[in-house]
Amino acid sequence: MLDFKNIIADELNKVTNIENIGEYIEVPSNKEMGDYSLPCFKLAKEMKKAPQMIANEIKEKLGISEDIVSKIEVVNGYLNFYLNPQTLIKTVFDEVANNKEKYGSSNIGENKTVVIDYSSPNIAKPFHIGHLRSTVIGSSLYKIYKFLGYNVVGINHLGDYGTQFGKLIEGYKRWGNEYNIEENPIDELTKIYIRINNLCKEDESVLEECRNNFKKLEDGDSYCTELWQKFRDLSLKEFQKVYDLLDVQFDSWNGEAFYSDKMPEVIQILEKSGKLVESEGARVINLDKDDMPPCIIEKTNGSTTYATRDLAAIMYRARTYDFDKALYVTSYEQILHFKQVFETAKLLGLDKKYTDNLIHIPFGMVLSKTGKFSTRDGNVIKLEELLNEAISRVKKIIEEKNPNLENKEDVAKKVGIGAVIFNDLYNSRIKDEIFDWDTMLNFNGETGPYLQYMYVRTNSILEKIERIPNVSDVNISLLQDSTSINLIKEMYSFNDYIKQAAEKNEPYIISRYLINVAQLFSSFYNENKIICDDKDTQNARIYLTYCTNIILKTGAGLLGIQMPDKM
């Protein structure tokens, strides 16, 4: 695709001899100030002249073809470039014609591997609303990196190890026959867990038994291992229902337990480094120099910790996947944990290529309109129930607005799930997410349903014609109005926004972009009669509608949202 910014940068380089001048080029927030702008204030020190004078001198020397830049203006020390709209339209239309649903993709990730650790619910515990964010942010990043040509490995690092399993095993030993865990595994195991937890609070000796159970599990005791496997299998069956609703996949389901036989090597390496020291009966890595509490590697009873397992996972993933980046999508509450782990990982003897590219992707909490969701013992909002509630609410809206719609079930599912995902991905991930049904399911706001509605509108227009015209038959000079040009300019930037989303690990950049495209299409639609008497004008407007249709569907797909054909 024609890279206008690069062409301008090359020309600027020729007349200024400043090699990295392309880095100074900006996209003005005010569209009337051009499509690209060079602030000459940044050059004043180097060139020892006033910015206005520099801008005028550069303008005089530039020889950029009018086919690329139709106008150059100097405004208060800024050199503003206005792209040739006809070349811009031709560039976008040709690119869409050649790539279709791959428009916006690239191969910048070729021969590079990104490992993404996301979702990671705890076995034998409810898959609740708190897991929603890790799941949808991670899944979106997976799709974004893949679209940019990276080899991506999605890992569900299940919470399937730790003292809680010692507790669960103890509870099951005592009262297992009172609960039907086959029929309703998560609820029944949760009841057992709450019951044994309460007993542990009352009786220290029971807690000691639980710790011993976990130690036995670590040592491969057959009874404990068999029970653990049963709990894991039953839980995964339940979790899969949620993953099916969200259309989320993983390449690896290796949870914490997978690393049980890989931790001794970590401990051995840390011992050899001379940094593993005893502290109050436990063994730790001292991180005082980094202003952090010590990283606990072994507890007082000799059992391992989350940190030990995360370190084993880093070693395994470096050796198995030879990653260029390893992303960890978890709550901001784990910022300190990952700082400690990543610092300790530098002692594992791995290449800096791996330890320098361990990246924590923190996110905020999910809040209701009135504050925190209630997660008291046994009282959590299950994700499956929440997703089904979204589908059910959309079904009611459809019944009111379009009772004769075909495939109501399918549409309700796509719109309901899409609304939940979009709500999660519409703001920077570090912000707490406000979960409000009325806002989320609004068909007129900056929401998932609005995005889907605008896509459906493009679909209904395209259905009215026999076929999409060939790009060679489209007379682009008939798209002169500002609403068409503004929409095309936004479309041209699709790949830039996707790359930004990957660079910052922020899917919301794509969400905001898609809302812009949808709103610009709405303006274009309101200003122009698309199906009209003049066939050439119709062809041009239809092709612009077709391009919008592809971008909305592709972009929504990168967020993990499926588009209905009708609504």
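Dipole of the chain (Lys/Arg Cβ +1, Asp/Glu Cβ -1, origin at the Cα centre): which of 77, 231, 98 lies farthest to the positive side?
Value: 77.
Restricting to DSSP H runs of at least four residues, report the calculated mean residue ellipticity at 222 nm for the chain, -39500 (n - 2.57) per run over all residues, nearest 500 deg cm²/dmol.
Per the formula, -17000 deg cm²/dmol.
Taking H as built 1.01 Å from N, whose amide H comes closer than 5 Å to the amide H of residue 127, not counting residues under 5 places away?
The answer is 383.
If each residue of separation counts as 0.36 nm, what is the full-extension length gain between residue 400 and residue 289 once their alpha-carbon separation is subtracted?
The residue 400-residue 289 span can extend by a further 33.6 nm.
To the nearest 0.05, how large is the calculated FRET efficiency for residue 486 and residue 431 if R₀ is 30 Å and r is the Cβ-Cβ distance?
Calculated value: 0.60.
For each pair in 102/408; 102/395; 396/566; 191/339; 100/499; 325/346, compute the distance between the two Cα atoms and list the pairs where it is over 23 Å.
From 102/408; 102/395; 396/566; 191/339; 100/499; 325/346, over 23 Å: 102/408; 102/395; 191/339.
Take the alpha-carbon centre of region 398-468, take the same for region 303-354, and report the distance between them in whole Å.
38
Could you pull out every one of the lysines with an alpha carbon less than 24 Å from that of residue 61, ignoring same-chain neighbours closer than 8 positions?
5, 14, 42, 45, 48, 49, 71
Provide the gained length on full extension for the span residue 223 to residue 470, in nm with one decimal, where the gain is 0.36 nm per separating residue minus the Cα-Cα distance.
82.2 nm
How high is the FRET efficiency between residue 13 and residue 346 when r is their beta carbon distance and R₀ equals 45 Å, given to the nearest 0.05?
Given R0 = 45 Å and the Cβ-Cβ separation, E is 0.70.
State the answer as a single residue: which of 20, 348, 200 lies farthest towards the positive end of the charge dipole of the chain, with beta carbon charges of +1 for Lys and Arg and -1 for Asp and Glu, about the Cα centre.
20
No lab work stands behind these numbers, since they all come straight from the coordinates. As the structure is a prediction and not an experimental result, all values here were calculated from the model. Virtual Cβ from ideal backbone geometry, glycine too; neighbours counted across all protein chains shown.
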